[in-house]
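To keep things clear, I will list the structure first and then write my remarks on it.
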Amino acid sequence: MEELELVNGNRPEEIHTIIAWDGNKYYEQTKKYCEKLPSNFEILFEKKIELTKDAEKKLANSVYFCDGSRVKNGCLYLTILKDKKPCYLYENATACKQVLNKNMKLIKEDMRLKIGGSIHSYSTIHTSYNTEEALLVLKPLKLDHFVKRPTFKNFKELFDVLNSKPLLKYVIQRSFHEIAYESKFFKNNKDVDILVNDYYYFKALTGARSISLKHMRENDNGHHIQSNINIDNVEVPFDIRFVGDDYIDSNWEKDMLDQRISHTLKNNVQIYIPNIQDELYSVMYNIIIQKPNPSISKHIPRVQELCNLSNKPEIDFNNIPHVKSILDDFLNNNKYTYKKPIDPSVGFHISTNNPTNNPTNNPTNNPTNNPINNSTRKGFIKMHFFN
């Protein structure tokens, strides 16, 4: 899993929302509660908002992706607040276990208990757990201007910001040379593949916005991780892979980040990429495990180039069993295993003849054991804010 505690205490400020679904009934209780929030919170906006039935439906579709409005008697009470010291942890939430802002989880549970009588009083209080969830509330209410999104004039400005953050680790995977092109190059079904040590920290620094709101990671630990970053007024897609997503073995992900190397592109953009060995075998893995037609992959020339740099014989991708045997040796020597990704859009084409490489024999690939999908730890009930 991501090393969330490494970044906690250094995360950028973020905007959150609190909704009392019955604005007339719970207005005073909500207002008094928010007046006593810890000092890391700042109230930016608070108001009773009356909604038409159509506006209620738009809000419900945005927040819950259905028409069932929770607003009572056409009026809600909205509070917009800034958390100056966000703290992200892996916690039990309402629908699943997920990474979330623990400060907001504590507020939600305590407000539901004190106002609604139970931490499961869903019809009384709603709070956001992350910036994307806050935007699901703010956009239909036309209040999303409270969230200031970072934008960048070019790739150099973006990576200068990322490289200035010592707690962020990232590597660009595959086709990193394309970052030397202008951002408009990425308008035509192109994207940037990046692996990070902390998904939410990366998104906070870059203003990355999820492409699939219903299936995004921010919404009940969804599987979709592609987001857009605004570079020179172009929404550039980034596939944001993170440690623990089973895109590849999490131990390999950690090692790849720890062993990364600096690389300067021809446009003077400095980025981090995998070292030669990690790049070689991860590209091989992508070609024969994650893609359906290995022999025609656009990445084969890069593999041959890396083989030459490593003084290894070139690889014949017309002989996939032999390629896999080379990959098997690398994984076994490093105690890595094949992983079926959480993201269903990523292919997983693997022979199950070898029990040691069969994902069904690996407990972390069993849905009942996967820590991404299930809870083994109890969440906090006691109020304790992370300042």
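Tell me which label goes with the value of Cα extents along the principal axes in Å computed from the coordinates here: (i) 73, 46, 39; (ii) 69, 57, 40; (iii) 80, 48, 32.
Recomputing Cα extents along the principal axes in Å here picks out (i).
Based on the alpha-carbon set only, what is the convex hull volume of segment 72-150 divided per residue, in Å³?
Enclosed volume per residue, from the Cα hull, is 111 Å³.
With unit charges on the beta carbon (Lys/Arg positive, Asp/Glu negative), name the residue among Asn40, Pro12, Asn24 whose Cα is farthest towards the positive pole of the charge dipole of segment 8-53.
Asn24
With an 8 Å cut-off on Cα pairs and a minimum separation of 6 or more residues, tell me the relative contact order of the chain in percent. Display every interim value, and only then the final one.
Working: 669 pairs, mean separation 66.1, N = 387.
Result for the chain is 17 percent.
Within straight cross-link reach of Lys25, meaning Cα distance under 20 Å, which lysines are found once same-chain residues fewer than 8 apart are removed?
Partners within reach: Lys36, Lys47, Lys48, Lys53, Lys72, Lys108, Lys114.
If the only charges are +1 at each Lys and Arg Cβ and -1 at each Asp and Glu Cβ, what is the size of the charge dipole of segment 9-104 around the Cα centre, to the nearest 20 debye?
140 debye
Got a number for the accessible area of Phe242? Probe 1.4 Å, square angstrom, nearest 10.
10 Å²
Given q = 0.30 Å⁻¹, what are the Debye log10 I(q)/I(0) values for segment 131-194, with equal point scatterers placed on the Cα positions and solvent ignored?
The calculated log intensity ratios at q = 0.30 Å⁻¹ are -1.21.
Quote to one decimal, in nm, the extra length available between His120 and Val234 on full extension: 0.36 nm per residue of separation minus the C-alpha distance between them.
On the way: separation 114, 0.36 × 114 = 41.04 nm, distance 4.18 nm.
Length difference between fully extended and current span is 36.9 nm.
Using 0.36 nm per residue of separation minus the Cα-Cα distance, give me the extension gain between Lys184 and Asn163 in nm, one decimal.
Result: 5.3 nm gained on full extension.
Once the principal axes of the Cα atoms of segment 269-341 are found, what is the range along each, listed largest first in whole angstroms?
Taking the Cα atoms of segment 269-341, the three principal extents are 36, 27, 25 Å.
Out of residues 5 or more away from Ser121 or on other chains, whose amide H comes under 5 Å of its own, with H placed 1.01 Å from N in the peptide plane?
none
What number, in nm² with one decimal, is the all-direction average of the projected area of the convex hull of the alpha-carbon atoms of segment 178-326?
If I average the Cα hull's projected area over directions, I get 10.0 nm².
Using +1 at the C-beta of Lys and Arg and -1 at the C-beta of Asp and Glu, which of Leu143, Asn92, Ile107 has the Cα lying farthest in the positive direction of the dipole of segment 83-145?
Positive-end residue among those listed: Ile107.
Which of Val71, Val303, Ser325 sits farthest toward the positive end of the charge dipole of the chain, with +1 on the Cβ of Lys and Arg and -1 on the Cβ of Asp and Glu?
Most positive-ward Cα: Val71.
Roughly how big is the chain's charge dipole about its Cα centre, with Cβ charges of +1 (Lys, Arg) and -1 (Asp, Glu), in debye to the nearest 20? Don't skip to the end; give the middle numbers.
Values: 52 positive and 47 negative charges, 245 e Å.
Roughly 1180 debye, rounded to the nearest 20.
Hey, what's the Cα Rg ratio for segment 49-191 versus the globular rule of thumb, 2.2 N^0.38 Å?
Rg over 2.2 N^0.38 Å, computed on Cα atoms: 1.34.
When N is the residue count of segment 59-108, what does its C-alpha Rg come to as a fraction of 2.2 N^0.38 Å?
Scaled against compact globular proteins, the figure is 1.41.
Whole number please: convex hull volume per residue, Cα atoms of segment 117-265, in Å³.
Measuring per residue, one finds 145 Å³ for the Cα hull of segment 117-265.
Any lysines with Cα under 16 Å of the Lys298 Cα? List them, leaving off those in the same chain fewer than 8 positions away.
Lys190
Could you state the accessible area per residue of the chain in Å², with a 1.4 Å probe and every protein chain left in place?
On the way: 17930 Å² over 387 residues.
Per residue, the chain has an accessible area of 46 Å².
With a 1.4 Å probe and every protein chain kept in, tell me what percent of the accessible surface of the chain is carbon plus sulfur.
Reported share for carbon and sulfur atoms: 48 percent.
Only Lys, Arg, Asp and Glu count, each charged at its Cβ (+1, +1, -1, -1), so figure out the dipole size of segment 58-187 about its Cα centre, rounded to 20 debye.
It comes to approximately 180 debye.
For segment 1-107, build the convex hull from the C-alpha positions and give me its volume per residue in Å³. Please list the in-between numbers first.
Details: hull volume 12.2 nm³, N = 107.
Roughly 114 Å³ of hull volume per residue.
The values are calculated or read from the model by the stated rules, or taken from the named source; none is laboratory data. Since this is a predicted model, take the numbers as computed values, not measurements. In this analysis, Cβ positions are derived from the backbone assuming ideal geometry, glycine residues included, and neighbour counts consider all displayed protein chains. For accessibility, only protein heavy atoms count, side chains too; no ligands or nucleic acids. Shrake-Rupley method; radii C 1.70, N 1.55, O 1.52, S 1.80 Å.
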